[in-house]
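Inspection log for the structure reproduced underneath, given as C-alpha cells.
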C-alpha cells in the first residue's frame, strides 16, 4: 500500500502553483529542549497552508468533463482557499460552501481567488449538506478536503521534500491530524523510504478522532469536537486516511488549548511567523513528546502546516500562553480581611512575581483572592502550592480550570447573597452578526438571568457564562429548556471557581 502512494506522490505535478517550502531550524526551542528542532514551513505556501497541494493535485487528475462541470467543496478554512486558487490557475469554476460563522477574512480570501462563496448554516455539517444539494442540482464535481487518494498524494509531497531536505539524522516527524490527509500522505512516503523515522500524529485533546479510532481499532464519530483548533476540528477520521495511518503511525499525542497557545509563541520566537492553532499542533506535540519520553540529542521535525489566523484571536492566545508554557500558576487563595494581609501574602511569595490579582470585599473576616503567579514549571507550581499551604493559606489550584481562565479571571466582583438559588452554565454558540442577541432572546424567555459574561475572541464561536435563578426542583425543567436551545453547554454550578468568587454563599 505505501508503495502505491509513493508512486502517486512522485507523479504529483503541483510545483507550477505550490512551492517547495523550506525546513527551518528553531534554535531557541532546540536549546530549551536539548534536541535539534526543525520546522517544515507550509505556512509559506501562497494560501498560507499545505492544503493547496492536495487540492491542485486532485484537479490535475480530473477529466475534462469533470472540470467543465465546475468543482465544489464545503470548507470554512484552508481547503477552501487552496481549491479556489487551484481552480483559478486551471480556469475552472469553483463554488465553496462555508458556514455563516466563517470569519470575514477567510470569506474575502476565497472570493479574492475567484471562487463563488455560498454561506449556509452555523457549522461544517450544514455547509456540507448544502454542497450535496448543489451537486445533485448542478452536477458539480466534489473535491474532498482529505479522504481522497489524489488529495492524500498531493499532501504527501511534503514527505518527499522533507527527506530530500534533511540529509542527516531524522528521528521523528510530528504531524497535525484533523481528517488525516496530511498525516496519511507524509507517513506513506517517509515510512516506505525511511521506516526507522517515527511518525507522531498530533491532535487537539478535544477533537481527537484518530486517537479514539486507534484505541478502538475502528473509526468512531466523536459526539462533539472542540473549536479552538478549527482547522483540525473533525469528528471522524477519514476512511481512506485511517486505512493508511493505522499501520504507519508510531504514536498519537493529544495536546491542550494552552499547550497549543504556548507552541504558537515558541514558533513566533524562532521564526516570527504566527501559526494558526492547527498549524502549531505539530510543535505542541513535539514539545510534549520530549517531556514525556525524556529524549535528548535527537533531530525532531514538526510540520508547521498553516497560518490563516484572524488577528483578533491573538488576544486570547496571548492570555493562555503563560499557562501553556507552565510558567503561570492560577490560584484561589484565602487571606485575612484586614489591613496588611495582601502585603503579608506578597512577602510569603518571596521573590515570585505576581502576574494578576483580582479581589473584591465580601465580609470582614476572610478575603478570597484570584491570583496569577509566575512559576518555572509544573513542579515549581506544585511546590508553590505546598509552600503557601504550609504557611497556613487555604489554596485551590485553578491553573487547569477552564471556566476560571475563560471567565472568572475577568469578572471577579464579589458574592451576591440575595440572588437566591442559582445555576451556572458555560455556553458556546455560533459567532455571527446578531448571534449574541439571538442567544439572549432564546435564553431569557423562561428563567431569570442573574449573571452574564461574554467575551469575543475572534473565533467562530462565542463563549458565555450565565447564571440562572432556578431551584433544585426546577432542575429537570431547566435541563429540558437548555437542551431545547440546542447550544453546547456545560453545567458549572459546582465549579469551585464560581463557588469561591461569585456564588450566593
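The figures follow:
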{"quantity": "Acute angle (nearest 10 degrees) that the helix 181-193 long axis makes with the longest principal axis of the chain, alpha-carbon atoms", "calculated": "60"}
{"quantity": "Label-point separation, residue 224 to residue 164 (7 Å along Cα→Cβ), nm", "calculated": "4.5"}
{"quantity": "Approximate spin-label separation residue 136-residue 68, in nm, with each point projected 7 Å along Cα-to-Cβ", "calculated": "2.6"}
{"quantity": "Theoretical FRET efficiency, 1/(1+(r/R0)^6), r = Cβ-Cβ of residue 215 and residue 383, R0 41 Å, to 0.05", "calculated": "0.75"}
{"quantity": "Theoretical ellipticity at 222 nm over the chain - DSSP helices of four or more residues, -39500 (n - 2.57) apiece, nearest 500", "calculated": "-12500 deg cm²/dmol"}
{"quantity": "If the convex hull is drawn through the Cα atoms of the range 133-191, its volume per residue in Å³", "calculated": "80"}
{"quantity": "Cα gyration tensor category, rounded, prolate or oblate, for the range 51-142 with a/c compared to 1.5", "calculated": "oblate"}
{"quantity": "Relative pair counts by distance (%), Cα atoms of the range 163-215, 10 Å bins", "calculated": "23, 51, 22, 4"}
{"quantity": "On Cα atoms only, tilt of 124-138 relative to the major axis of the chain in degrees", "calculated": "30"}
{"quantity": "Ordering of 239-248, 350-359 by burial proxy (mean other Cβ atoms within 10 Å per residue, highest first)", "calculated": "239-248, 350-359"}
{"quantity": "Protection proxy ranking of 47-60, 159-172, 88-101 - average other beta-carbon atoms within 10 Å, highest first", "calculated": "47-60, 88-101, 159-172"}
{"quantity": "Residue 488/residue 397 FRET efficiency (R0 30 Å; Cβ-Cβ; nearest 0.05)", "calculated": "0.70"}
{"quantity": "Potential lengthening between residue 4 and residue 449 on full extension [0.36 nm per residue; Cα-Cα distance subtracted]", "calculated": "154.2 nm"}
{"quantity": "Relative exposure of 125, 150, 230, 397, judged by other C-beta atoms within 10 Å (fewest first)", "calculated": "125, 397, 150, 230"}
{"quantity": "Nitroxide proxy distance, nm - points 7 Å out along Cα→Cβ at residue 293 and residue 205", "calculated": "2.0"}
{"quantity": "Stretch gain in nm, segment residue 268-residue 11, where the contour uses 0.36 nm per residue and the Cα spacing is subtracted", "calculated": "89.1 nm"}
{"quantity": "Between 0 and 90°, nearest 10: helix 313-324 axis offset from the chain longest Cα axis", "calculated": "70"}
{"quantity": "Average projected area [Cα convex hull, the range 326-400], square nanometres", "calculated": "4.6"}
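Each value in this text was obtained by applying a stated rule to the coordinates, not by laboratory testing. Note that this is a predicted model, so its numbers are computed, not measured. Glycine gets a Cβ as well: all are built from the backbone with ideal geometry, and neighbour counts include every protein chain shown.
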